[in-house]
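All of the numbers you see were taken from the coordinates with simple rules; none came from a lab. This one's a predicted model, so the numbers in the text were calculated from it and none came from an experiment. Glycine also receives a Cβ, built like all others from the backbone with ideal geometry; neighbour counts cover every protein chain displayed.
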Amino acid sequence: MFLFTISKPGLRQAAALTLCAVCLTGTVAAAVHFAGQSVSANATAEVGTIETTQDIATYFNGYGFEVDLSGAAVDKVKIPKKWDDSFAAFNQVVGESGLDLAGYKGRTVEKWTALCPARSNGEKDCYCVLLVYKAKAVGAYLLEKPSGEVTGLITAAKTAADAAAENETAETSAQAQGEAEAAAAAEIDPDAAQTSADAPADAAWPTE
């Protein structure tokens, strides 16, 4: 066992590194907060009309979702004239992206579907779905298969941002801790360390 002491400069250095970690954590949290507020505005600003599959990709990129256009598919679906509670709840999910299907009751719309690789694995696949009427986006959501669960774009984007923030915070804290320990080790009293190093390896505390 090595005994060491930390001088006051070492303590100040370690404290400064810890403070930096706290500040960085706050910065990450603030960045995630403002990013969550702006994703919807970015998406609608970048895409005026939906005419090509690239427009589909650009739309979802505005929310932070990368899509695989190689397997993109389009179907035609009809918005029901009369809504039950489940469809009304579905429209609330759609409403997260600032869209509303209420004005398209009884209309037939295009349903574009594209795989979101980053949110898919061997057990489930996640698809970005965009409903388009006359080249205008009227509905958007994420669809998970095979469960059939639908998620609003803002909720999904916030969940992804929170997860990224947690990982960033953990990495920042670990790095700061490592730097603090390195700074403390640099202030080891060499005389105390040498004295302990010279002690017999089999020395034991007295039992009585």
(message) Full-extension gain between GLU149 and TRP83, please, as 0.36 nm times their residue separation minus the C-alpha to C-alpha distance.
(response) 21.9 nm
(request) Show the residues, 5+ positions off or on another chain, whose built amide H is closer than 5 Å to the amide H of GLY139. (result) LEU131
(request) Give me Rg over Rh for region 112-159, both radii from the alpha carbons and Rh done the Kirkwood way, two decimal places. (result) 1.00
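Using +1 on the beta carbon of Lys and Arg, -1 on that of Asp and Glu, and nothing else charged, what's the dipole of region 49-144 about the Cα centre, debye to 20? The partial results should precede the final answer.
Numbers: 11 positive and 13 negative charges, 112 e Å.
That gives a dipole near 540 debye.
Using a Förster radius of 22 Å, what is the FRET efficiency between GLU123 and ASN61 based on their Cβ-Cβ separation? Nearest 0.05, please. Please list the in-between numbers first.
Values: r = 26 Å, r/R0 = 1.16.
About 0.30, to the nearest 0.05.
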(message) For a 18 Å ceiling on Cα separation, which of these pairs sit above it: LYS105/LYS136; LYS111/LYS136; LYS78/LYS134; LYS82/LYS136; LYS78/LYS158?
(response) LYS82/LYS136; LYS78/LYS158
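Determine the gain in length on full extension of the stretch LEU69-PHE90; use 0.36 nm per residue of separation and subtract their C-alpha separation, reporting nm with one decimal.
Values: separation 21, 0.36 × 21 = 7.56 nm, distance 2.49 nm.
That works out to 5.1 nm of additional length.
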(request) Per residue of region 52-64, in order, report the coupling 6.51 cos²θ - 1.76 cosθ + 1.60 (Karplus, θ = phi - 60°) as ³J(HN,Hα) in whole Hz, putting x for Gly and Pro. (result) 9, 5, 5, 5, 4, 4, 4, 4, 6, 4, x, 9, x
(message) For a quick check: sort LEU69, LEU115 by the number of other beta carbons within 10 angstrom, fewest at the front.
(response) LEU69, LEU115
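When the gyration tensor of region 48-155 is built from Cα positions, what are the square roots of 5 times its three eigenvalues, in whole Å, from largest to smallest? Please list the in-between numbers first.
On the way: eigenvalues 88, 55, 31 Å².
Calculated on Cα positions only, the semi-axes equal 21, 17, 12 Å.
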